[in-house]
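Data first, discussion second: the structure below is written as structure tokens.
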Amino acid sequence: MAQTDSEAADAAGGDELTSYRLRRERELSSLYQTARSLTALGEVDEVLRSIVRHAHELIGSDFVYLSLLEADGYLTVRASGGTISPDFPQARLPPGRGLGGRVIESKAPFWVSNYRTAQGLPRDPTFDRLVPREGLTALLGVPLMVGDQAIGALFAADRSERPFEKDEVALFSAFASHAAVALDNARLYERTRGSLQQLTDAYRASEARVAAMERAAAVHEALTHVVLTGGGPGDIAQILVEQLRGTVSVQDRDDRILAIRSAGPRVDEEPDLERRLHAEARSTGRCASAAGESGAFRSVVAIRAGGTHFGFLSLTRHGAPDAADVRMLERSAQIMGLLILLRDARIEAEERVRGELLMELMSSAPPHPAQRDRALAGGVDVDRLDVLVVAECPTRPVSDLVRQMKPLASEWSGLAGDHLGRATMLLRADDTDRVARALHHALRRTLGVPTLVIADRMVDHERARSFLLAQRCLKVMRALGENDRGASTQQFGMYALVFDPDRADDLTRFLTDSIGTLLDYDRRRSTDLVATATAYFTHSGNLSRTARSLHVHPNTLLKRLQRITGLLGEDWRSPDAALRLNLALRLHELRAAVEGTAAASD
């Protein structure tokens, strides 16, 4: 059977998502297979060549090179892959020069799409003469960090102009973290081997250091295995507990506990000490340790990746951590940061697909089979989505609302996204009032500012009609003075004439019968009799307050009221007539608020 254009587009979207996920999985697998191979002890030069070779394969740029910081401050190329110029592999940069100097000074990734035309980089004439010979154009550099010290930089370069995407920078930075660990291990190993050759009396100490390094490599491989097999913070915490004993906890950036594992009785928390160690660990990028009042030592490492802070990894136990323990904690935090980074990327991709699916559903009639299949893959049955929710918060951008609504939509097996500039959700629920109140409570708690939430039960999947009703109902709520509430459209049934487009003719007839004479007079004479009557009823017929609210003299008000009497008759202020007239004036005011202008409602 021939495939329709719409079905083909949906299939292409699904294929694109599948391709994206497969590519991310391949990158992750390649990264951790590379990390595993780099943990093996070896000569420094061998490790340098291995780093460059793996980096070249991982990032896919035209060539890659690694420069180390020498004692004189120069950055000297020590290994390269993919270069064509015989002189480039011997390049040296003076301190603070070029893109490499920027990376070393900032200890952060930096890239330019065209090195030759880039502004603001201190130039070195010798290096710049090598650039055209090599064809270097686009250049990305990331620091090789050992603790808080930059020992060099790893570069990826292309011979054509292009930007480096955020995912590429994060992936290359993560690889550089592993490479720095491997290089540090290799340097430590060479120094240890040299000591063994020169000092036989240091044999036992050297043997212990090698054993510690081997243990660190084994732990590193175990952590890698956890990530490759889809593990989480709890699995990593368990590995550390088995190696270090005590209690290990993982907190996110909002100080919420993600996982906690213990090899014995837990030590009481000391909030003041915890806050001090958190601040020190985050500012230094190193493990911060101190003994508490109970005598137990608490060690904290900030979890970060690609320059983003994700939380803290903590160890509490009796006995101060040694240098090997500190390295294990710091490297575990690096792995944890990468794990969270990749998890967030996966969640972001899934949420983007859900947002796109919501927009497709809101813009089409019954769902296509391909849309149903894509939704079911994410645990959503689009045929059972019978409630539409719109949220509004004037003090926050729509993107903030959507970001908070997406995880809530997953809890309700629904979809959330931005539709026509409104934070919108489709879900399945039996009670629209309860849904509106629950979502309002959740958004109010996370945003911390007044928020309006309106829910409407769709009839025959008329999503566009429900969306229009919800928007109009929100405007009615604002006009009525509501600014922080969750409700269903049913609760505003008495105002259905205002926000229900199917009853617009009924409203027009009612207004024409009730205040049409005043509206016509105001239109022809450019007067304010409708506003005068509205203010008169608002202030319960009190002439002084009415005149003040209209900013007119009492005599002017009396003349206007006499004009209204001449148009409507002597009994317009009688109880029955006043009730009908007051209601018409209020509905007229609300419709003007809903449609944005009073003229549109005439």
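The values are calculated or read from the model by the stated rules, or taken from the named source; none is laboratory data. Because the structure is a prediction, the values reported are computed rather than measured. Don't worry about glycine lacking a Cβ; one is built from the backbone with ideal geometry, like all the others, and counts go over all protein chains shown. The accessibility values were calculated without ligands, DNA or RNA, using every heavy atom of the protein model including side chains. Shrake-Rupley method; radii C 1.70, N 1.55, O 1.52, S 1.80 Å.
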For this session: Within the stretch 256-289, count every residue that is open to solvent by 90 Å² or more (accessible area, probe 1.4 Å) and either touching a residue at least 60 places away in the same chain (Cβ under 8 Å) or within 30 Å of the chain's Cα centre (by Cα) (or both).
Result: 7
Exercise. If you scan the stretch 60-75, which residues turn out to be open to solvent by less than 20 Å² (accessible area, probe 1.4 Å) and of a type outside the set (Gly, Ala, Ser)?
Worked result: PHE63, VAL64, TYR65, LEU66, LEU68, LEU75
For this session: Determine which member of the set LEU58, LEU66 is part of a helix (DSSP H, G or I) and either without any contact (Cβ under 8 Å) to a residue 24 or more places away in the chain or not charged (D, E, K, R) (or both).
Result: LEU58
Exercise. So which of ALA156, ALA179 ends up being buried (at least 23 other Cβ atoms within 10 Å of the Cβ), modelled with pLDDT of 85 or more and touching a helix residue (DSSP H, G or I) at 6+ places or on another chain (Cβ under 6 Å)?
Worked result: ALA156
Seminar exercise, completed: Listed by first then second residue, the pairs whose first member lies in the stretch 290-308 and is farther than 14 Å from ASP325 by Cβ, whose partner is of a type in the set (Val, Ile, Thr) and in a loop (DSSP other than H, G, I, E, B), with beta carbons under 7 Å and at least 6 positions apart or on separate chains, are SER294/VAL267; ALA296/VAL267
Seminar exercise, completed: The residue that is surrounded by the fewest Cβ atoms within 10 Å (Cβ to Cβ), considering only those in the stretch 436-454 that are in contact with a Leu (Cβ under 7 Å, 6 or more places away or on another chain) and over 19 Å from LEU358 (Cβ atoms), is LEU452
For this session: For residues that are assigned to a helix (DSSP H, G or I) and either among the aromatic types (Phe, Trp, Tyr) or open to solvent by less than 40 Å² (accessible area, probe 1.4 Å) (or both), scanning just the stretch 399-417, find the one that is modelled with the lowest pLDDT.
Result: ALA409
For this session: Select from the stretch 483-497 the residues that are in a helix (DSSP H, G or I) and at pLDDT 70 or above and list them in ascending order.
Result: THR489, GLN490, GLN491, PHE492
For this session: Could you list all residues from the stretch 397-429 that are among the acidic types (Asp, Glu) and touching a residue at least 40 places away in the same chain (Cβ under 8 Å)?
Result: ASP400, ASP418
Exercise. Do we have any residue at all in the stretch 249-268 that's in a helix (DSSP H, G or I) and either modelled with pLDDT of 80 or more or closer than 30 Å to GLY152 by Cα (or both)?
Worked result: no
Seminar exercise, completed: Scanning the stretch 123-145 for residues that are part of a loop (DSSP other than H, G, I, E, B) and either of a type in the set (Ser, Thr, Tyr) or open to solvent by 10 Å² or more (accessible area, probe 1.4 Å) (or both) gives ARG123, ASP124, GLY135, THR137
Seminar exercise, completed: For the stretch 459-471, pairs from a residue that is farther than 17 Å from ARG428 by Cα to a residue that is of a type in the set (Asp, Glu) and open to solvent by less than 80 Å² (accessible area, probe 1.4 Å), with Cβ under 7 Å and 6 or more apart or across chains, are LEU469/ASP456; LEU469/ASP500
Exercise. (1) within 19 Å of the chain's Cα centre (by Cα); (2) open to solvent by 20 Å² or more (accessible area, probe 1.4 Å); (3) of a type in the set (A, V, I, L, M, F, W, C): which one isn't true of LEU420, the others all being true?
Worked result: (1)
Exercise. Which condition does ARG457 not pass, out of (1) open to solvent by 10 Å² or more (accessible area, probe 1.4 Å); (2) in contact with a helix residue (DSSP H, G or I) (Cβ under 6 Å, 6 or more places away or on another chain); (3) closer than 24 Å to LEU550 by Cβ, if it passes all the others?
Worked result: (3)
For this session: Tell me which residues, restricted to the stretch 498-557, are farther than 30 Å from PHE467 by Cβ and part of a loop (DSSP other than H, G, I, E, B).
Result: SER526, THR527, ASP528, HIS539, SER540, GLY541, ASN542, HIS551, VAL552, HIS553
Exercise. Would you say GLY120 is within 32 Å of the chain's Cα centre (by Cα), over 23 Å from THR83 (Cα atoms) and either free of Cβ contacts under 8 Å to residues at least 40 places away in the same chain or not in a helix (DSSP H, G or I) (or both)?
Worked result: yes
For this session: Only one of these is modelled with pLDDT under 80 and surrounded by 13 or more Cβ atoms within 10 Å (Cβ to Cβ): ALA208, ALA212, ALA237, ALA296. Name it.
Result: ALA212
Exercise. Can you spot a residue in the stretch 560-572 that is of a type in the set (Phe, Trp, Tyr), open to solvent by less than 50 Å² (accessible area, probe 1.4 Å) and in contact (Cβ under 8 Å) with a residue 40 or more places away in the chain?
Worked result: no
Seminar exercise, completed: Reported set for the stretch 97-116 where residues are open to solvent by 10 Å² or more (accessible area, probe 1.4 Å) and outside any loop (DSSP other than H, G, I, E, B) is ARG102, ILE104, GLU105, SER106, PHE110, TRP111, VAL112
For this session: Report whether or not ALA429 is part of a loop (DSSP other than H, G, I, E, B) and among the small types (Gly, Ala, Ser).
Result: yes
Seminar exercise, completed: Going through the stretch 83-96 in order, the residues found to be of a type in the set (Gly, Ala, Ser), within 19 Å of LEU144 (Cβ to Cβ) and buried (at least 17 other Cβ atoms within 10 Å of the Cβ) are ALA91
Exercise. Looking at the stretch 426-435, is at least one residue within 17 Å of PRO407 (Cα to Cα) and open to solvent by 40 Å² or more (accessible area, probe 1.4 Å)?
Worked result: yes
